[in-house]
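Novice: One structure is given below, represented as structure tokens, and several questions about it will come after.
The values are calculated or read from the model by the stated rules, or taken from the named source; none is laboratory data. These numbers were taken from a predicted model, which means no experiment stands behind them. When we count neighbours, we look across all protein chains shown, and the Cβ atoms used for this are built from the backbone with ideal geometry, even at glycine. Surface accessibility is based on the protein's heavy atoms, side chains included, excluding ligands, DNA and RNA. Shrake-Rupley method; radii C 1.70, N 1.55, O 1.52, S 1.80 Å.
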Amino acid sequence: MTRLITIVATVLLMISSATAADVDGNWNVMFSSAEGGVMVPMEIKVDGENVTAMADGDELTGTYKDGELKLKGPMYVPEAGMSATLDMTAKLEGEDLVGKATWDMYVASVLGTRTE
């Protein structure tokens, strides 16, 4: 019985790790709002449920659990000429990251596509 529990736990851990690895990598993330849009290159690294992302030189931190990516941190946007806190939530839909974000007083839709 103990062996069966160990095997099941190992398989579940492998499935969880494989799912988390789906968002690992380099992305082009488009933030679109009524005021305009901006494309930000982002490198996402997942370690268990913890996530770090480099967004054009700015480090964001967060989580990836139950298929939901949450990132938060300061992000400089050259088009706006300022830095503010980005708060982003997205899910992997097919090959794309899809979600919403707030940055300063702006609300944006998020569409991330993998870079090649």
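Novice: Where the second residue is open to solvent by 70 Å² or more (accessible area, probe 1.4 Å) and the first is small (Gly, Ala, Ser) and lies in region 81-96, which pairs have Cβ atoms under 8 Å and are six or more apart or on separate chains?
Specialist: Close Cβ pairs (under 8 Å, with a partner that is open to solvent by 70 Å² or more (accessible area, probe 1.4 Å)) amount to SER83/PRO74; SER83/TYR76; ALA84/PRO74; ALA84/ASP104; ALA90/LYS100.
Novice: Tally up the residues in region 64-98 that are open to solvent by less than 70 Å² (accessible area, probe 1.4 Å) and on the phi > 0 side of the Ramachandran plot, please.
Specialist: The total comes to 4.
Novice: Can you pull out the strands (runs of 3 or more DSSP E) entirely within region 1-99 that have at least 2 residues that are modelled with pLDDT of 95 or more and aliphatic (A, V, I, L, M)?
Specialist: Of the strands (runs of 3 or more DSSP E) lying wholly inside region 1-99, those with at least 2 residues that are modelled with pLDDT of 95 or more and aliphatic (A, V, I, L, M) span 25-33, 36-47, 50-55, 68-77, 82-93.
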